[in-house]
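In what follows, a structure is listed as structure tokens, so that the remarks can point back to it.
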Amino acid sequence: MNAVIRPATADDIGPICTLLHTKMNSRIPVSRWRKLMTYSWLAEKPDFGRIVESEAGILGFCGMVYSDRLIGNAKNTLRPERMVSMSSWYLDKSLRGQGLGREMLLDSVKDKSMTYATLTNSKKPLGIVESLGFKVLENARYVWQRSSANVSPLSVSTDILEIYPQLEPHQQQLMDDMQEQPLTPVLLQHGGLQALLFFSVTSKGENVTWYDLMYASDLDLFAEHGQGLANKLLPDGHAKLSADSRFVQNPDAYGVAEDLPVSRYYISQRVEAHEIDHLYSELQLLDLKLD
């Protein structure tokens, strides 16, 4: 069966969503799959990823969610970078074993001016990802639980109306872009400094509520006050606050390091690992858990 690999266009959205719903994961409805192609934060999208097409139609897909980000924080100069969240890599069984999956992914990451990250919780594609030059983005995290330990007093707000006026314009843009996504914004303040944080709040395992850090405008401030933030933010009962280790260069004395179930990967010639967060990704658009 002859097949070609090409960029996905707007005309392909319907067939792509049908493929992903019927072949990849029927628990995700077509309406949610469409969000991978219809996100609002980038009006002019280069494409919607890569497809494998044959006379039988679209039989393969590698999703690419684009965003234009300002990388850096208050301690250094912000710079624009185009980031790509890789998503939903699928190839029909009838085409497997011909190298098409590898070619599709290779074509997806050929533009070296962009930064690509894959946050998949599946181990299946990792061998190919590594062979294409992807490096480990993260393989561990720090975890905090509520504690009676004496820590520095903090100001912590989850009130959007209170948070928004205190932010820089580029941070307000983050709030605008993420307002319809399943995220909880938090403003952490201490000693005249502040950090805008975004958390994904989900239930995992034995009904444990996880507050997974998706973004921090000041990683040092977050890391210094991880325990105090956990004490302020986490509800009573079984709850944990977590952050990928690359976000926590100097953790406080209470964070516990643990391995991730599956490593995350990235490829970039312009951006360091700690500069890659989890916003503007398939995680929000498909409402997925981080792990």
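Bear in mind that the values in this text are calculations on the coordinates, not laboratory data. Since this is a predicted model, take the numbers as computed values, not measurements. For neighbour counting, all protein chains shown are included, and Cβ atoms are generated from backbone atoms with ideal geometry for every residue, glycine included.
Structural remarks
- Taking amide H positions as modeled 1.01 Å from N, with prolines and chain starts lacking one, the residues under 5 Å from T202 and 5 or more places away or on another chain are W210, D212.
- For the stretch 89-212: rounded, prolate or oblate by the Cα gyration tensor [a/c cutoff 1.5]: prolate
- Each part gets one Cα centre, and for the stretch 196-210 versus the stretch 9-41 those centres are 26 Å apart.
- As an equivalent ellipsoid, the chain spans semi-axes of 35, 19, 18 angstrom, where each value is the square root of five times an eigenvalue of the C-alpha gyration tensor, largest first.
- For the residue pairs K45/K240; K45/K232; K35/K204, the C-alpha atoms sit more than 29 angstrom apart in K45/K240; K45/K232.
- If you bin all the Cα-Cα distances of the stretch 3-136 at 5 Å, starting from zero, the percentages per bin are 2, 9, 19, 22, 20, 14, 7, 3, 2, 1, 0.
- Positive-end residue, the chain charge dipole about Cα centroid, Cβ charges, pick of Q194, Q145, L95: L95
- Degrees separating the helix 169-178 axis from the principal Cα axis of the chain, which is the longest one: 60 degrees
- Simple Cβ-charge dipole of the stretch 3-136, Lys/Arg +1 and Asp/Glu -1, about Cα centre, in debye nearest 20: 600 debye
- Overall, the stretch 140-265 carries a charge dipole of about 340 debye about its Cα centre when +1 sits on the Cβ of Lys and Arg and -1 on the Cβ of Asp and Glu, all other atoms neutral.
- Kirkwood Rh in Å, taken over the stretch 140-265 so that all alpha-carbon pairs contribute: 15.0 Å
- The stretch 31-88: mean projected area of Cα convex hull, nm²: 5.3 nm²
- Each Lys or Arg adds one and each Asp or Glu takes one away; over the other residues whose Cβ falls under 12 Å from the Cβ of D11, this sums to -2.
- Here the Gaussian network model covers the chain, with springs between Cα atoms less than 10 Å apart; of S242, S131, S67, S131 fluctuates the most.
- Taking amide H atoms as placed 1.01 Å from N in the peptide plane, the amide H of V52 lies under 5 Å from those of L59, G60, F61, each 5 or more residues away in sequence or on another chain.
- A140 paired with E168, simple spin-label distance in nm, labels 7 Å along Cα-to-beta-carbon: 3.0 nm
- Karplus-derived HN-Hα couplings along the stretch 263-278 (A = 6.51, B = -1.76, C = 1.60, θ = phi - 60°), whole Hz, x at Gly and Pro: 5, 9, 9, 8, 9, 6, 10, 10, 10, 7, 4, 5, 8, 9, 9, 10
- Full-stretch length increase - E180, S203 - with 0.36 nm per residue and alpha-carbon distance subtracted: 6.3 nm
- The chain - charge dipole about Cα centre, Lys and Arg +1 at Cβ, Asp and Glu -1, debye rounded to 20: 780 debye
- Think of the stretch 140-265 as a dipole: +1 on every Lys or Arg Cβ, -1 on every Asp or Glu Cβ, centred on the Cα centre; then among T184, L229, I160, L229 lies furthest on the positive end.
- For GluC sites (Glu not before Pro), no site in the stretch 128-166 is both called loop by DSSP and has at most 10 other Cβ atoms within 10 Å.
- For the stretch 119-189, applying the loop criterion from DSSP together with a ceiling of 11 other beta carbons within 10 Å to the trypsin sites (Lys or Arg not before Pro) yields K123.
- Here the 3J(HN,Hα) profile of the stretch 141-157, calculated from phi with Karplus coefficients 6.51, -1.76 and 1.60 at θ = phi - 60°, is 8, 9, 10, 10, 10, 4, 9, 8, 4, 7, 10, 4, x, 10, 9, 10, 10 Hz, Gly and Pro shown as x.
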